[in-house]
Amino acid sequence: MQFSIEETKWAGKAGYHYEVLDSTNKKAKELAEAGAPHGTLVTADEQLAGVGRRGRSWSSEPGQGIYMSLVLRPDIATDKASMLTLVSAMAVSKAIYEMIKDCNVYPFIKWPNDIVLRGKKVCGILTEMFTKAGAIDYIIIGIGVNVHNREFPEDIAQTATSIELEIGEGVSRERITELIWMQFERYYDIFMETEDLSLLQEEYQKMSANKGRKVTVLDPAGEYEGTARGITALGELIVDTPEGQKYVSAGEVSVRGIYGYV
Ligand code: BTN
């Protein structure tokens, strides 16, 4: 089914909704390969093979969450693309905030791009970049938000939550979807002004679940502990360690709180 988000300028103007897909990222990639324009959005009620970061799967029960992917065709250098993941996290965080602010539950971002409610993960983002002749051809921003879930598979039961579990009342997946893309457009425009996060850094820090907290940096070159201090204009996590300040790039490295997930 085709749809169009009314309140945005370009994100989700051309929307394609499916009852079931393997993965919205995969479908968005197919559409992009066939020439789908910047802002094309794919949504699904259920995913049979939802993909997470680091080759993990994403639990995608029918009607429980938001499963969606956006095609972007930004005219920026390839090494800037990973910052769009943080831009997306800001958009989701702000959209959830707008949706549930009267409930005294606030979303935070666990660097680089997980959204947490009361210390548990409510949203994951998978950004995939595809290049042609060394330049960005398109980027797929895949967003999964747990909305109505009341339970989770055993392996994530301790760390995952849903909006409904935290605020105890029904929320609309359609409304959150609209709010996410409205916010995304706003943050994306700000990002494109400088092609980095210098104008968004301060706001990101306010949304950060890690700032001032002890973290373990799971670097393949060797794990270490430190205190997260915020992000740089390039989106790296600043970590104070006994050996001095380190700048952690998203990608292969992940970060855990030393007392739990955040
Ligand atoms: C993560 O591991 O935190 C990222 C999860 C991303 C899941 C979303 S759901 C919609 C889109 N389609 C996919 O197959 N994955 C992303």
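The values are calculated or read from the model by the stated rules, or taken from the named source; none is laboratory data. All figures in this text were calculated on a predicted structure; none of them were measured in a lab. Positions of Cβ are backbone-derived with ideal geometry, glycine not excepted, and every protein chain shown enters the neighbour counts. Side chains are part of the model used for accessible areas, which takes the heavy atoms of the whole protein and leaves out ligands, DNA and RNA. Shrake-Rupley method; radii C 1.70, N 1.55, O 1.52, S 1.80 Å.
Here LYS110 passes the criteria (1) of a type in the set (D, E, K, R); (2) modelled with pLDDT of 95 or more; (3) within 16 Å of the ligand (Cβ to nearest atom) except the one numbered (2).
Can we say GLY168 is at pLDDT below 95 and in contact with a helix residue (DSSP H, G or I) (Cβ under 9 Å, 6 or more places away or on another chain)? Yes; evaluated as a whole, the condition is true for this residue. Suppose the filter is among the aromatic types (Phe, Trp, Tyr) and within 15 Å of the ligand (Cβ to nearest atom); does TYR97 pass it? Criteria not met by TYR97. The residues in segment 59-70 that are near the ligand (Cβ under 8 Å from one of its atoms), more than 15 Å from ALA28 (Cα to Cα) and polar (S, T, N, Q) can be counted, and the count is 1. Against the definition (among the hydrophobic types (A, V, I, L, M, F, W, C) and over 29 Å from GLU33 (Cα atoms)), how does ILE100 come out, yes or no? Taking the combined requirement at face value, the residue satisfies it. The set of residues in segment 59-72 being under 12 Å from GLU128 (Cα atoms) and touching a Phe, Trp or Tyr at 6+ places or on another chain (Cβ under 7 Å) consists of VAL71, LEU72.
Of all residue pairs spaced 6 or more apart or on separate chains, those with beta-carbon atoms under 8 Å, a first member in segment 50-71 that is touching a residue at least 24 places away in the same chain (Cβ under 8 Å) and a second member that is part of a loop (DSSP other than H, G, I, E, B) and open to solvent by 70 Å² or more (accessible area, probe 1.4 Å) are SER60/LEU48; VAL71/PRO37. Which one is nearest to THR85 (Cα to Cα), of the residues in segment 217-261 that are at pLDDT below 90 and in contact with a helix residue (DSSP H, G or I) (Cβ under 9 Å, 6 or more places away or on another chain)? Step by step, filter segment 217-261, then rank; the result is ALA250. If you go through segment 124-157 and keep only what is under 30 Å from VAL105 (Cβ atoms), touching a residue at least 40 places away in the same chain (Cβ under 8 Å) and away from the ligand (no atom under 14 Å from the Cβ), you end up with just HIS148. Among the residues that make up segment 55-75, is at least one of them touching a strand residue (DSSP E or B) at 6+ places or on another chain (Cβ under 9 Å), open to solvent by less than 60 Å² (accessible area, probe 1.4 Å) and assigned to a helix (DSSP H, G or I)? No, there is no match, as no residue in segment 55-75 is touching a strand residue (DSSP E or B) at 6+ places or on another chain (Cβ under 9 Å), open to solvent by less than 60 Å² (accessible area, probe 1.4 Å) and assigned to a helix (DSSP H, G or I).
Residue count for segment 16-58 under the criterion of being more than 8 Å from the ligand (Cβ to nearest atom), farther than 24 Å from ILE136 by Cβ, out of contact with any Phe, Trp or Tyr (no Cβ under 9 Å at 6 or more places or on another chain) and of a type outside the set (Ser, Thr, Tyr): the result is 3. Contact annotation: residue pairs with Cβ atoms under 7 Å, 6 or more positions apart or on different chains, pairing a residue in segment 166-180 that is among the basic types (Lys, Arg) with a partner that is not in a helix (DSSP H, G or I), are ARG173/ILE66; ARG173/VAL147. Just one of the numbered conditions (1) over 28 Å from VAL116 (Cβ atoms); (2) within 14 Å of the ligand (Cβ to nearest atom) is not true of SER4; which one? Every listed condition holds for SER4 apart from (2).
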